[in-house]
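J.: My questions will all concern the structure given below.
The values are calculated or read from the model by the stated rules, or taken from the named source; none is laboratory data. Quick caveat, the model's predicted, so the values are computed rather than measured. Cβ placement follows ideal geometry from the backbone for every residue including glycine, while neighbour counts extend to all protein chains displayed.
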Amino acid sequence: MYGLAGARIGYSLASSTYTSAIASGQNIGMVSTISQAAAEAALNDPEHVNNTVNLNDQAMEVLTNGLTNLGLTYIPSQTNFLMFNTGTFASTIASELENYGFRVRVGWGMPYHIRVSTGTLEEMTAFITALEEIYTQLPKGGTPTTFGLNRVHPNPFSSQCTISFTTFGREKTSLTVYDISGRKVATLVNAVLGMGDHTIAWDGRDVMGRRVAAGRYTAILLQGEFGASARITLVR
């Protein structure tokens, strides 16, 4: 609780053996002199520490009670943050939360979980209210349209095909075509896309505008931690 994340300050209590091992893995000059001064001052300010711990306990109670009332499960935490299961693609909920002014973290191989840190009591109440509004607006059942490559038409094609796909949240998206050897042929999409259905056309040309040879190709869609692929056959 004496750690200062913003100043990159942390503490450890260990034997001299472990302390030496930890120290051997540290880079030189990781902590500034200002951060060191703040760390020493924090050790001599128990009143602020106690106030912060009490605030965190109250804020965590607002957060966990709010999640429970929304029917959302969470991983119990002894810190000032926790992970909760969104019940759907976390990127979708995170994208919507950003529209309400809340930025949260997703990732770590947990595509349905969001990490949220505690704030003031007013902020946590507003956060739960935003979540409630977001889930009210989700499609019936609380699950958005499934992410993926939906259709390539016509397939096989000779002059142009249309690729239909669905994304789940406002995040960087790429749709790339590769040949049978795994070489990149064309990048059809490389942009931030929101949740919903999209279509893009491919005219059988590479990134230089040259007509590619007849054969089998693979379209790969990537967004966040998710990916999908589809085979495309070009005939001449």
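J.: Show the residue pairs that are 6+ apart or on different chains and have beta-carbon atoms under 6 Å apart, the first residue being within the stretch 167-188 and at negative phi and in contact (Cβ under 8 Å) with a residue 12 or more places away in the chain, the second being in a loop (DSSP other than H, G, I, E, B) and aromatic (F, W, Y).
T.: F168/F89; F168/F147
J.: Count, please, the residues in the stretch 109-122 that happen to be in contact (Cβ under 8 Å) with a residue 60 or more places away in the chain and more than 18 Å from S77 (Cα to Cα).
T.: Taking the stretch 109-122 as the starting set, the residues that turn out to be in contact (Cβ under 8 Å) with a residue 60 or more places away in the chain are 109, 111, 118-121.
Retained after the next criterion (residues that are more than 18 Å from S77 (Cα to Cα)): 109, 111.
Within the stretch 109-122, residues that are in contact (Cβ under 8 Å) with a residue 60 or more places away in the chain and more than 18 Å from S77 (Cα to Cα) number 2.
J.: Cβ-Cβ below 8 Å, separation at least six or inter-chain, first residue in the stretch 42-63 and in the same structural domain as Y2 (by TED's automatic domain parsing), second at pLDDT 95 or above and of a type in the set (D, E, K, R): which pairs?
T.: From residues that are in the same structural domain as Y2 (by TED's automatic domain parsing), there are no pairs.
J.: Hey, any hits in the stretch 3-13 for a residue that's part of a helix (DSSP H, G or I), charged (D, E, K, R) and either under 32 Å from the mean Cα position of the chain (by Cα) or not assigned by TED's automatic domain parsing to the domain that holds M83 (or both)? If you could, list the steps in order and put the result at the bottom.
T.: First, pick out the residues of the stretch 3-13 that are part of a helix (DSSP H, G or I): 5-7.
From the residues that got through so far, the ones that are charged (D, E, K, R) too are none.
No - not one qualifying residue is present in the stretch 3-13.
J.: Suppose we filter T218, T173, T187, T233 for residues that are in contact with a strand residue (DSSP E or B) (Cβ under 8 Å, 6 or more places away or on another chain), of a type outside the set (A, V, I, L, M), surrounded by 16 or more Cβ atoms within 10 Å (Cβ to Cβ) and part of a strand (DSSP E or B); which single one remains?
T.: On the way: T218 fails: surrounded by 16 or more Cβ atoms within 10 Å (Cβ to Cβ); T187 fails: surrounded by 16 or more Cβ atoms within 10 Å (Cβ to Cβ); T233 fails: surrounded by 16 or more Cβ atoms within 10 Å (Cβ to Cβ).
It is T173.
J.: If D197 satisfies every condition in (1) touching a strand residue (DSSP E or B) at 6+ places or on another chain (Cβ under 6 Å); (2) surrounded by fewer than 12 Cβ atoms within 10 Å (Cβ to Cβ); (3) farther than 25 Å from N85 by Cα but one, which is the exception?
T.: Result: D197 passes all but (3).
J.: Can you find a residue in the stretch 129-143 that is in contact (Cβ under 8 Å) with a residue 60 or more places away in the chain and in a loop (DSSP other than H, G, I, E, B)?
T.: Going through the stretch 129-143, the residues in contact (Cβ under 8 Å) with a residue 60 or more places away in the chain turn out to be 131-132, 135.
If we keep only those that are in a loop (DSSP other than H, G, I, E, B) too, we end up with none.
Within the stretch 129-143, not a single residue is in contact (Cβ under 8 Å) with a residue 60 or more places away in the chain and in a loop (DSSP other than H, G, I, E, B).
J.: Going through the stretch 83-120 one residue at a time, which ones are over 10 Å from the mean Cα position of the chain (by Cα), at pLDDT below 95 and of a type in the set (A, V, I, L, M)?
T.: Residue satisfying the conditions is L97 alone.
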